[in-house]
Every structure is written in C-alpha cells, then in structure tokens.
Amino acid sequence: MLLYLHAGFMIAGFVLMTAGVTVARLMRKRPWWLRCHRALGASGSLSVVCGFVTALTMVAQSGEEHFEALHAYVGAVVILAATATPVLGQLQFVLKERRAEIRKIHRWAGAITLILISLNIISGLVLAGVIPDMRSF
C-alpha cells in the first residue's frame, strides 16, 4: 500500500512541477501566470516531500536499511532540489539587486529537478519490477 502511495506522490509531484514550468514558459503574458506557477510549484514540491516521507516510512516498516539503492540517493537529491527551487524563486523577489542571477539559478534548478525526478521515477519502476532491469538481459 505504501509503495503505491509513494509512487502516487512522486508522479503527482512530477506532473505538478511540469505544469508549473509549462505555465511559466507558455503563459507568461497572462496576468495570473505567476500565481499559478507558484501554486503548481509549491504543490509539486509538497507532493514530492510527502512521497519521500512515505518512502522512509515504507523502508522503516520493512526493516531494511535506508539508502541501499541508487534510487534512494537520487531521491534525496530530488528532495533537496524540489525544495530549493521554490525557495530560489521566492528569493528573487527578496534580493532584488541579484534578481537576474537568482532567476537564472531558479530556472536551471527547476530543469535539473524535473530531469532528476523523471530519472528517479524510472529507476523506481525498475526497482519495483515494473520495468525490466536491462542488466538481466
């Protein structure tokens, strides 16, 4: 049960963050784009954090060691990136004299987060046996 909850949170986080990036890229001329972008990004980050907590709970209940697989380590980096990206987004409104620099880092952090989470979803599907491990061929 926790496995499905973990997967659901992570996939929802990926979809929400992707929607946030899409709004920022394609809807910038609309007056509501920034509110929508923030809401989607924050919701996506929260969903990923919930997925991480679910994974920690799942592993603790199983009695296995935490961080045994590469999937877990990449997941930890995803959590850091998924929480740092919205913080950077907000920071550009606080540190106005460094806005351009922070915005650039925020955009890169968002792209890297999406790439890492998509790779980690794939590795999780391999770990769960949904996608066959190519090393077994």
So, with points 7 Å from each Cα along the Cβ direction, the Val87-Arg25 label distance in nm works out to 2.6
Report the relative contact order of the chain, percent, no decimals, based on alpha-carbon pairs under 8 angstrom and at least 6 residues apart.
25
Quick check on the chain: helices-only [θ] at 222 nm, where DSSP H runs of length 4 and up contribute -39,500 (n - 2.57) each and the sum goes over total residues. Nearest 500, please.
-28500 deg cm²/dmol
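Using a Förster radius of 35 Å, what is the FRET efficiency between Lys96 and Val49 based on their Cβ-Cβ separation? Nearest 0.05, please. List each step's numbers first, then the result.
Details: r = 28 Å, r/R0 = 0.81.
Given R0 = 35 Å and the Cβ-Cβ separation, E is 0.80.
What are the GluC sites (Glu not before Pro) within region 60-137 that DSSP puts in a loop, where the Cβ has at most 15 other Cβ atoms within 10 Å? Could you put the intermediate results ahead of the total?
Working: sites: Glu64, Glu65, Glu68, Glu97, Glu101; in loops: Glu64, Glu65, Glu68.
Hits after loop and neighbour filter: Glu64, Glu65, Glu68.
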Given the chain, report the % of alpha carbon pairs whose separation exceeds 21 Å.
45
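The numbers here are math on the coordinates, done by the rules we state, and not lab data. Computed from a prediction, not measured in an experiment: that's the story for all the values here. Reconstructed Cβ throughout: ideal geometry from the backbone, glycine too, with neighbour counts over all protein chains shown.
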